[in-house]
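Contents: one structure, followed by commentary.
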Ligand SMILES: Nc1ncnc2c1ncn2[C@@H]1O[C@H](COP(=O)(O)OP(=O)(O)OP(=O)(O)O)[C@@H](O)[C@H]1O
Ligand SMILES: [Mg+2]
C-alpha cells in the first residue's frame, strides 16, 4: 500500500514546499485481525492517526469500522496485531488503559445511564474531589463549559438523560469524551441522529480540537460531510483496508466506488401513478399547539409524498402525531376515506398504518432475538388473530429473502440482531415494515445510518412497494433522499406547509423554501450537499 503524503493540518498553510514536516503519528495499528464466530470482521488492517488531523473511516454496513474502533478503545481485543499510542504498545481489552493513554471514544450506540442526570453521567466513576468530598462546584463549572461548547442549554445538567432527545444524548456522550481532554477522539457515526444545526456545532468543536493537535477518527455514512471535515480518509471493505487518501485527492464518487468495490448503479427510476385514485391517507387542518398548525395533505395509493423541513420546522412532531406518540389536538386524519383517531401508538398500529419511527436505536429491535424473529414480529399479531401458528419455515424464507434484497450483512436469518453492525440492525427494522405490504406506510428517516449502496436498494424497495399500491409518506431531513424518492415534496417551515414541489425539483429551490427568505444563512453542509448532488447527477 502506498504511503500517503503529509496532510495539511488545521492551519491550512502547509502548501507548496517539500520541506513540510510530517505531523506526529499518535496512534498506529498494525495487522489487526478479529473474528466473531464464523465472521472474519477484520483481516489484517493497518491504520494510523496523526496529531491535528480528522481521519475519516468509511465503508459499507458491516465493513468492520466499529470493530476497529472498539479494538482501539479497548472494548474488544484483537485476535492478532498491535495498537500503539505515542510509541507505547497498548494491551488489548482494557478501556481504562486506553483512556489513560489519551483515547476517548463516543460509541455508535449511546452508552449513558438514563436514570442519572447529564452532569452525573459526565463525571461518573471519576468525580472531582476536594479532600474526601465531591467538589460539586468545580464539577458543575466544567459541565457548564462543556455544555456551552456543544451549544447545549446549561439547564440540561440536572435533567435525567432518559428525558432528553437522542440527538442531545449523543452530544452529551461527546461532552463526556471531551471532558477527558483526549489526544485521540473517536466518533462513531456521531451525526446519524443529529440535526444539521447540531452537526454544524459539532464540526466547529472538532475543528477547534484539531487546531490543538488532537487526532480525530470520524466514522460517517453521510459522505457529503467528509469534504467539510476530513483531512484523510481510509476505506474498509469486508474487513480489509482498501485505500487511504488525503481527502483533497479523492472525490466522493471515488470513495463510493472503493466502498462498494464497483461502480454503483444509478438512483432508482421514478414510478407511475394512477392519476385519479382516492386518497389512502388524508390529513386536514392538523395541528398541535406550539408545534405545527393547519397541516393538510393527501397521499394516494402508489404515491410517494415526502415531508421535508429543517430542524425545528415541525416535521418531527408531525410524524409523532401520525404515530400517536404526541397526538394532534386539532384536525382530522382519514384512512381510505374513514376518519381515524390516533391518541396512542397502539391505536395508530390498529388502524393498519405501518410506521417506521425515527430513533430506532432506542426502540424497535429485540436485540437478542434472531433477524427472522425481528422481521416477523410486526405481523405476528395478525397471525395470532387468525389463530394461525407462526410458520417458522415461512418466517425463515421471508427473512432470507429480505437479507438478500436489502443486503443485510449476516451469516443467516437465525443470527441474533445484536451480532449485527449498527446499520444492519436498522435494515432489519425497515424490513419488518416492508414485509407487510401495508396500504399506508409512514417512514421517518428511513435510511439513517445505512450505507450508500443499501440506501439505493432501500429506495428501490420503497418505490416497488408504491408500485404495488402502497401510499407512502416519508418524513426525512435528507434532501437528496427526498428528491430521489418523492412524487411530491411538501416543505414545512415554522409548523406549516409552505411549499410543494413535483418530481425534478431542484435542491436549491427546496432548500430556499425550507430555510425561508428571512434566513439567508447558508450552512456549510448545505453547500457540501449541493456539490455532492452535482457529482452524483453527472455520473
Ligand atoms: N458481537 C458480535 N458478534 C458477532 N458478529 C459481530 C459482532 N459485532 C460485529 N459483528 C460482525 O462483524 C462485522 C463488522 O461489524 P461492524 O460493527 O464493525 O461494522 P460497521 O462497519 O461498523 O458497520 P455499520 O456501518 O453498519 O455500523 C459484521 O459482519 C458484524 O455482523
Ligand atoms: Mg458501526
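The values are calculated or read from the model by the stated rules, or taken from the named source; none is laboratory data. What you see is a predicted model, and the numbers here were worked out from it, not measured in a lab. Note that we place each Cβ from the backbone using ideal geometry, even for glycine, and neighbour counts take in every protein chain shown.
Before moving on, here are some points about what is shown:
- Cross-chain or 6+ apart pairs with Cβ under 7 Å, the stretch 96-118 first and within 23 Å of residue 86 (Cα to Cα), then within 15 Å of ligand 1 (Cβ to nearest atom) and assigned to a loop (DSSP other than H, G, I, E, B): 106/190
- Residue list for the stretch 464-477, filter: closer than 21 Å to residue 408 by Cβ and surrounded by fewer than 20 Cβ atoms within 10 Å (Cβ to Cβ): 464
- Some residue of the stretch 38-52 being in the same structural domain as residue 255 (by TED's automatic domain parsing), in a helix (DSSP H, G or I) and within 16 Å of ligand 2 (Cβ to nearest atom): no
- Scanning the stretch 172-209 for residues being closer than 20 Å to residue 223 by Cα and not in a loop (DSSP other than H, G, I, E, B) gives a total of 16.
- Note on the stretch 149-193: residues that are in contact with a helix residue (DSSP H, G or I) (Cβ under 8 Å, 6 or more places away or on another chain), more than 16 Å from ligand 2 (Cβ to nearest atom) and free of Cβ contacts under 8 Å to residues at least 40 places away in the same chain amount to 7.
- Residue match in the stretch 475-483 (condition: within 16 Å of ligand 2 (Cβ to nearest atom), touching a residue at least 12 places away in the same chain (Cβ under 8 Å) and within 19 Å of the chain's Cα centre (by Cα)): no
- Within the stretch 216-233, the set of residues being in contact with a strand residue (DSSP E or B) (Cβ under 8 Å, 6 or more places away or on another chain) and either within 14 Å of ligand 1 (Cβ to nearest atom) or assigned to a loop (DSSP other than H, G, I, E, B) (or both) comprises 217, 218, 219, 220, 221, 223, 230, 231.
- Residue list for the stretch 37-48, filter: touching a helix residue (DSSP H, G or I) at 6+ places or on another chain (Cβ under 9 Å) and more than 9 Å from ligand 1 (Cβ to nearest atom): 45, 47
- Of all residues in the stretch 411-434 being modelled with pLDDT under 80 and in contact with a helix residue (DSSP H, G or I) (Cβ under 6 Å, 6 or more places away or on another chain), the one that is farthest from ligand 2 (Cβ to nearest atom): 434
- Within the option set 353, 408, being under 25 Å from residue 479 (Cα atoms) and at pLDDT 80 or above holds for one residue only, 408.
- Flag if residue 157 is at pLDDT 90 or above and closer than 22 Å to residue 209 by Cα: no
- Qualifying residue in the stretch 134-153 (condition: touching a strand residue (DSSP E or B) at 6+ places or on another chain (Cβ under 7 Å), surrounded by 13 or more Cβ atoms within 10 Å (Cβ to Cβ) and modelled with pLDDT of 90 or more): no
- Criterion: at pLDDT below 80 and buried (at least 18 other Cβ atoms within 10 Å of the Cβ) - qualifying residue of 348, 328: 348
- Restricting attention to the stretch 469-478, the residues that are at pLDDT 85 or above and outside any strand (DSSP E or B) total 2.
- Candidates 213, 208, 261, filtered to the one that is surrounded by fewer than 19 Cβ atoms within 10 Å (Cβ to Cβ) and within 16 Å of ligand 1 (Cβ to nearest atom): 261
- Among (1) more than 13 Å from ligand 1 (Cβ to nearest atom); (2) closer than 21 Å to residue 220 by Cβ, the one test that residue 94 misses: (2)
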